Amino acid sequence: MAIMEIANTNVLIVGGGSGMGQALAKRCLDAGAKVIIAGRNEDKLKRACEELQTPAALDSITVDISQENQVANLFERIGRLDHVVSTAADIDGAYELLPALNLKAAQRVVESKFYGPLLLAKYATPMLSAGGSIAFTSGIAAYRPAARGSVVAAVNAALEGLVRALAIELAPIRVNAVPPGWVDTPIWSFVAGDKKNDTLRAMAERLPVGRVGRPDDIADAIGFLMGNTFTTGTILHVEGGHRLI
Ligand SMILES: NC(=O)c1ccc[n+]([C@@H]2O[C@H](COP(=O)([O-])OP(=O)(O)OC[C@H]3O[C@@H](n4cnc5c(N)ncnc54)[C@H](OP(=O)(O)O)[C@@H]3O)[C@@H](O)[C@H]2O)c1
């Protein structure tokens, strides 16, 4: 089986209440999958379900992936799955120069983008079908770090190291990552505040593709990683040429 059809598979998307995760949920639903979106904020999940028009194949569940007991409970409640994806990231307060470093905020980045994925892999593995997959989002900051972004850059790089190691340890389950370039999503309010639009516009002018990313660009790449059964330990760059500039 070269390509695993998404139709009729069961997909868990942590981070599915917004941004890239929500775009992936739409894509999977359109392809005929059963989708569960998860995150910490029930209202956000409810809004996303409404925007996705709450089809019968969609469910939502609250979880904080930094909490091991919550991750364990999540998989007990859900049961068998074909694909687990996490686009979760808590970067609130983490974009600071070192003199203003807030250690708690830095720890939340590590918890949401490193320990969280590690816990998801731990508890998802027994629940995943043969040919199943796990995918995470790292980020361009691992390759093009910027001042204020040291913690995020380091955690993205660590997550990619974890992906390669898990691809070996959990085989034949496939484990992959997409490091997104700059994509217009709600996360930018934490990175640039009210300078969001100007910052994204300036980057669009610099990128070879002439625009910043859309959540769909990343959903497309994750969809490929889920379906292509010859792909594991792969870091699939989708960043509009950002690494070239
Ligand atoms: N947008 C960009 O330009 C960009 C660039 C590079 C990398 N990335 C990466 O791409 C991924 C997706 O980001 P996005 O832009 O789609 O951002 P987003 O819309 O803010 O999505 C992140 C999601 O993570 C969830 N989340 C955060 N902490 C969590 C936790 N502890 N447990 C469970 N869920 C948690 C949030 O929901 P709750 O608040 O409900 O928990 C939120 O829905 C992230 O890994 C981000 O670091 C984004």
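Shape class of the chain from the Cα gyration tensor (axes a ≥ b ≥ c, square roots of the eigenvalues): rounded, since a/c falls below 1.5.
Evaluating 6.51 cos²θ - 1.76 cosθ + 1.60 at θ = phi - 60° for every residue in the stretch 15-30, the Karplus couplings come out as x, x, x, 6, x, 5, x, 5, 5, 5, 4, 4, 4, 5, 4, 4 Hz, glycine and proline recorded as x.
So which aspartates and glutamates pass the test for residue 26, namely a Cα distance under 16 Å, with those fewer than 8 places away in the same chain ruled out? Once the sequence-local aspartates and glutamates are set aside, what remains near residue 26 is 5, 50, 51, 59, 216, 217, 220. Note on residue 62 and residue 201: the extension gain reaches 46.6 nm, defined as 0.36 nm multiplied by sequence separation minus the Cα-Cα distance. Here the gap between residue 165 and residue 184, fully extended at 0.36 nm per residue and compared with their Cα-Cα distance, gives a gain of 3.8 nm. Only Lys, Arg, Asp and Glu carry charge here, each on its Cβ (+1 for the first two, -1 for the last two); on that basis the chain has a dipole of about 320 debye about its Cα centre.
Under 11 Å from a label point 7 Å along Cα→Cβ of residue 229: give me every residue in the stretch 1-38 with its amide N that close. Output list for this probe position: 1-5.
The Cα center of the stretch 32-72 and the Cα center of the stretch 126-146 differ in position by 19 Å. In this structure, the residue pairs whose Cα-Cα separation is over 30 Å, taken from 34/196; 46/104; 46/113; 34/195, are 34/196; 34/195. When the Cα positions of 233, 218, 203 are compared along the charge dipole of the stretch 182-235, 203 comes out farthest toward the positive end, with charges on each C-beta of Lys, Arg, Asp and Glu. Residues considered: 132, 79, 32. Largest GNM mean-square fluctuation over the chain, using C-alpha springs under 10 Å, is found at 79. Within the listed set 226, 127, 203, the Gaussian network model of the chain (springs between alpha-carbon atoms below 10 Å) gives the highest mean-square fluctuation for 203. Near residue 63, the amide H atoms lying under 5 Å from its own belong to 39, 40; only residues 5 or more places off or on other chains count, and H is placed 1.01 Å from N. Once the Cβ-Cβ distance of residue 194 and residue 158 is raised to the sixth power relative to R0 = 22 Å, the FRET efficiency obtained is 0.10.
Compute a Gaussian network model of the chain, connecting alpha carbons closer than 10 Å, and tell me which residue from 62, 232, 87 fluctuates the most. The residue that fluctuates most here is 62.
Roll a 1.4 angstrom probe over the protein heavy atoms and tell me the percent of accessible area of the chain that is carbon or sulfur. Walk me through the numbers before you get to the answer.
Working: 6180 of 11700 Å².
Roughly 53 percent of what the probe reaches on the chain is carbon or sulfur.
Residues 64, 216 ordered from highest to lowest accessible area at a 1.4 Å probe: 216, 64. Rolling a 1.4 angstrom probe over the protein heavy atoms with all chains in place gives the chain an accessible area of 48 Å² per residue.
The values are calculated or read from the model by the stated rules, or taken from the named source; none is laboratory data. Being a predicted model, the structure only gives us computed values, none of them experimental. Glycine also receives a Cβ, built like all others from the backbone with ideal geometry; neighbour counts cover every protein chain displayed. When the accessible area is computed, the model is the full protein with side chains, heavy atoms only, and any ligands, DNA or RNA have been set aside. Shrake-Rupley method; radii C 1.70, N 1.55, O 1.52, S 1.80 Å.
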